[in-house]
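Below is one structure, written out as structure tokens; the observations come after it.
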Amino acid sequence: MSSQSSVELRHYDKQTLRLVDVISGISPNAMRRVFGGWIFFAAVVAVIVIVAPDLSTQFVGLTLFVLVAFTLVMFGQSRISEGWPAIISDDNVIGVVRDPVKREYICVDKSLIVDAIPTLIKPNKKAVEIQLRSEHLTVEDNEVLKQAVWPREGKLVGLAHFKRREDACESVMWCTNKSVSAKS
């Protein structure tokens, strides 16, 4: 093991987050479909409100304002191009989101990963538990792991959004094994 920490807190910017492999989370394509669906819904509601008889101008104006404002807020989130990744693979690390708004991830070196198993976070959130080689973790590594959304000793837990937990676990292990075999 190198002197460099095997577990670290990383901040991504929009550009670099686009380059990582999303294992679990909401992909940019899904975000575009949701936003496109919202635009269609807002347009239909706007047309219905505009052509409906006997509605006050104030009600029509307020409805159109709310639709436009909400659309601008959705667009202002600027997640259409990057999505909301929960678990990522980036070169030699697997990352689990800590703060999605800040694009902050707790990343572990793939060589530390022993297994990934399906789990539940109380009460009913489907998740992936990434089990780590505890004997290789330093005190500093454990301190970073304690900063996770769902801290576990020697484990990293991430949500399995829109993907079967078993499939997300297989993806984590595939990315891990691919990285390990590439180093050999």
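For this structure, a couple of remarks:
- Charge tally in the Cβ shell below 15 Å around residue 71, where Lys, Arg are +1 and Asp, Glu are -1, residue 71 excluded: +2
- Listed residues 48, 106, 117, most fluctuating in the chain (Gaussian network, C-alpha, under 10 Å): 48
- Simple label model, 7 Å out from Cα along Cβ direction - residue 38 to residue 92, nm: 3.9
- Where labels lie 7 Å past Cα in the beta-carbon direction, separation of residue 46 and residue 117 in nm: 5.2
- Set 102/178; 14/146; 125/155 screened for pairs whose C-alpha atoms are more than 24 Å apart: 102/178; 14/146
- Shown here is the pair-distance distribution of the chain: with all Cα-Cα distances grouped in 5 Å bins from zero up to the longest one, the shares run 1, 8, 15, 16, 15, 12, 8, 6, 6, 5, 3, 2, 1, 1, 0 percent.
- For residue 110, the aspartates and glutamates whose Cα falls under 13 Å of its own Cα, not counting residues fewer than eight places away in the same chain, are 8, 90, 91.
- At an R0 of 25 angstrom, the distance between the Cβ atoms of residue 138 and residue 14 translates into a FRET efficiency of 0.20.
- Ranked by the mean number of other Cβ atoms within 10 Å per residue, highest first, peptides 49-59, 34-44, 87-97 order as 87-97, 34-44, 49-59.
- Virtual spin-label span in nm between residue 62 and residue 174, 7 Å along Cα→Cβ: 5.1
- Residue with peak Gaussian network fluctuation, the chain [Cα springs, cutoff 10 Å], from 46, 127, 168: 46
A short reminder: the numbers here are calculations on the coordinates, not readings from a lab. Not measured: the values here are computed from a predicted model. Neighbour counts are summed over all protein chains in view; Cβ atoms, including those assigned to glycine, are modelled from backbone coordinates with ideal geometry.
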